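Structure record follows, encoded as structure tokens.
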Amino acid sequence: MSERIERAREEMSKQVDGKVAAYFSSCVRCGLCAEACHFHVETNDPRFAPIYKLEPMRKVWRREQTLGGRLSGFFSSRDELREEDFAEWEELVYDSCNLCGRCSMVCPLGIDLAYMLRRQRSAFAVAGYVPEGMRTALQRTLELGSPMGVSLKTIDATLEQVEKRCGLKVPVDRKGAEYMTIFSSMEVVNFPEYIESLALIFDAAGLSWTLSSRAFEATNAGIQVGDNAAAREIVERIVSAAEELGVRYVISPECGHAYTAIRWEGPNLIGRPYRFEVVHILELLDRLQRDGRLQIGSRSDRPMTLHDPCQIVRRGGVVDPPRHLLAAVASGFVEMRDHGTMNWCCGGGGGVSANERAEQLRLRVFKRKKRQLDELGVDTLVTACANCRIVLEEGLEHYEMDTEVISLTELIAVHLK
Amino acid sequence: MIGAFIDGPLWYFSLTVFLLGVAWRLAGIVRRGVAADLAPARGDAARGALRTIFTRALPRRPVLHGGRVQMIAGYLFHLGLLVLLLFAQPHVDFYAERIAGFGWSTLPHWGFILASEIAFAGLILLWIYRVMNPVTRLLSGFGDHVASLLVFMVMFSGCLALGQSHEALRLLHLFLAELLLLYFPFSSLMHTFTFVLSRGYTGAAMARKGVNA
């Protein structure tokens, strides 16, 4: 076994904590998790059963935690984790898993498969079995500060355009501001309207806010890849900038994985709580509206539905705020059949959208979302994640559907008093 | 002589292996530990753990269609077996004599037969599904089939011994139950105990985030 694979095996072993051990000990191989996974239900490929994607980790658990595994280890190396396992499972671990956690919601034994899949990726990252697109996104984040190569110059140019359009100044590096905003680079590059909307809303609500020139990128490719050292470094950039500016809150943008990274994984990655609070933009808007600081002036009667970003809703716990906000601005809001914590992922989460190799599979499983939309017959789809938005737009275009995708924050800005 | 061995030393040996094995497995899980979550909680973890331990016993609507066979068969088997284990007259007599020192109300004979049939139907359906369905066929290993077979044999021999007219059949049933006890801690049958941990861990983690899992 090469030194790299030996280190990956050690990493896998390190990732088998008490929770993972309890999960594997409980699994009865019933396959119910497969029924919750769009990769399985849309392809019928049994290898896409979420628990099967965890076979490499299960091997390590079995060998180290069970008597049968320990005994068989003396006589045979059959159960040993090998380089071939990483090579064979790379596609299952990265291409056919969005870390969306829908499977975790249906297991009768309560197994949190997404938790295990996230931890398993750490060993794959050490082994070097990571899709090219995700690897380069991480490299760009570490070297340039953003997975899409967005630099401070790009931000400056975008802000200039935003300021021209909305006539408001976007504050940068303002010490003592109450809120610090971070963006996903997809918002900066593809949806600068989001930044404009923030400027309008925050101005209307009289919010004291700022951007940091040192940390503007919210997404964390390290978490998607499973590279914990890189993930820590990316989180530390934001934490250090926020603590230096002395803000009370950091606003996580309309990006699911960014929210998971900074709100839920961040403190654990850096090994300490923050000296500020993380609030998702939808939580903040909901709070401002309830406090009467965000005045809605008009409502849309267009029939529209909501796509719940998995990491914000199911894995993030921001379930009600998007519904409160939509109810305030849209009289024609209708829910999809599976919504909220049981929504179907857009197919691009977990780094899949950055993985070119997975594109055909991603478009194939988008049929699930298409079916959800066809059932409702609405022509407007609201979401709150730039990554979901771009993946949804690609899927809708692929299936030649005439559905408009809009951001919830932007919708709120349009209906401001 | 074999009868005395099955009734005596083998019973105590298998019970000891079962108890120590289960304790060893549970200790192994707890010893591994789980790192404290440093992210500020949005909800109450303990309440979430408790809730999920119970609510995951209920069917989950999103997989009702695709997973109906596993779910129906799972309920039939587990409920039937639970009733048999706790309320069948011969079992209660056995517990009273060997373990607890006291007995409790038992099922009438027809109830015993009904519970057996329900448990058998569930077990057989689960096994057929395991070998016929492409997903469960791929997932299942040798140990899963051994566990199914052992449970089936214990239940089948129990039915044969139901009349309590043949000592040999009673001994066969006890012997197979002892084999099951010996196998139990080293198999997926451990879910009988670990489900509390797995559901609890997930319920707690999700409740911290504000999600009802």
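The values are calculated or read from the model by the stated rules, or taken from the named source; none is laboratory data. Not measured: the values here are computed from a predicted model. Don't worry about glycine lacking a Cβ; one is built from the backbone with ideal geometry, like all the others, and counts go over all protein chains shown.
Some notes on this structure:
- Considered as a group, the residues in region A:232-278 that are part of a strand (DSSP E or B) and not polar (S, T, N, Q) include one that is farthest from the other protein chains (Cβ to nearest Cβ), and that residue is A:251.
- Per the listing A:64, A:91, A:80, the residue uniquely more than 12 Å from chain B (Cβ to nearest Cβ) and either at pLDDT below 95 or in contact with a strand residue (DSSP E or B) (Cβ under 9 Å, 6 or more places away or on another chain) (or both) is A:80.
- Scanning region B:14-35 for residues that are among the hydrophobic types (A, V, I, L, M, F, W, C) and within 19 Å of residue A:23 (Cβ to Cβ), we see that the one that is farthest from the chain's Cα centre (by Cα) is B:35.
- Residue A:229 vs. criteria out of contact with any helix residue (DSSP H, G or I) (no Cβ under 6 Å at 6 or more places or on another chain), outside any loop (DSSP other than H, G, I, E, B), in contact (Cβ under 8 Å) with a residue 40 or more places away in the chain and farther than 21 Å from residue A:312 by Cβ: no
- Residues satisfying the stated conditions in region A:340-378, i.e. closer than 14 Å to residue A:306 by Cα and touching a helix residue (DSSP H, G or I) at 6+ places or on another chain (Cβ under 9 Å): A:340, A:341, A:342, A:343, A:344, A:345, A:346, A:369, A:370, A:373
- Remark: residue B:201 falls outside the filter, which requires a residue to be over 22 Å from residue A:68 (Cα atoms) and more than 8 Å from chain A (Cβ to nearest Cβ).
- Region B:138-150, subset within 12 Å of chain A (Cβ to nearest Cβ) and without any contact (Cβ under 8 Å) to a residue 40 or more places away in the chain, residue nearest to residue B:177 (Cα to Cα): B:148
Residue-wise test of (1) modelled with pLDDT under 95; (2) more than 7 Å from chain A (Cβ to nearest Cβ); (3) surrounded by fewer than 16 Cβ atoms within 10 Å (Cβ to Cβ).
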{"residue": "B:10", "(1), (2), (3)": "no, yes, no"}
{"residue": "B:14", "(1), (2), (3)": "no, yes, no"}
{"residue": "B:32", "(1), (2), (3)": "yes, no, no"}
{"residue": "B:36", "(1), (2), (3)": "no, yes, yes"}
{"residue": "B:42", "(1), (2), (3)": "no, no, no"}
{"residue": "B:50", "(1), (2), (3)": "no, yes, no"}
{"residue": "B:60", "(1), (2), (3)": "yes, no, no"}
{"residue": "B:63", "(1), (2), (3)": "yes, no, no"}
{"residue": "B:68", "(1), (2), (3)": "yes, yes, yes"}
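- Within region A:299-338, the set of residues being free of Cβ contacts under 8 Å to residues at least 40 places away in the same chain, over 17 Å from residue A:98 (Cβ atoms) and part of a loop (DSSP other than H, G, I, E, B) comprises A:301, A:317, A:319, A:320, A:331, A:335, A:337.
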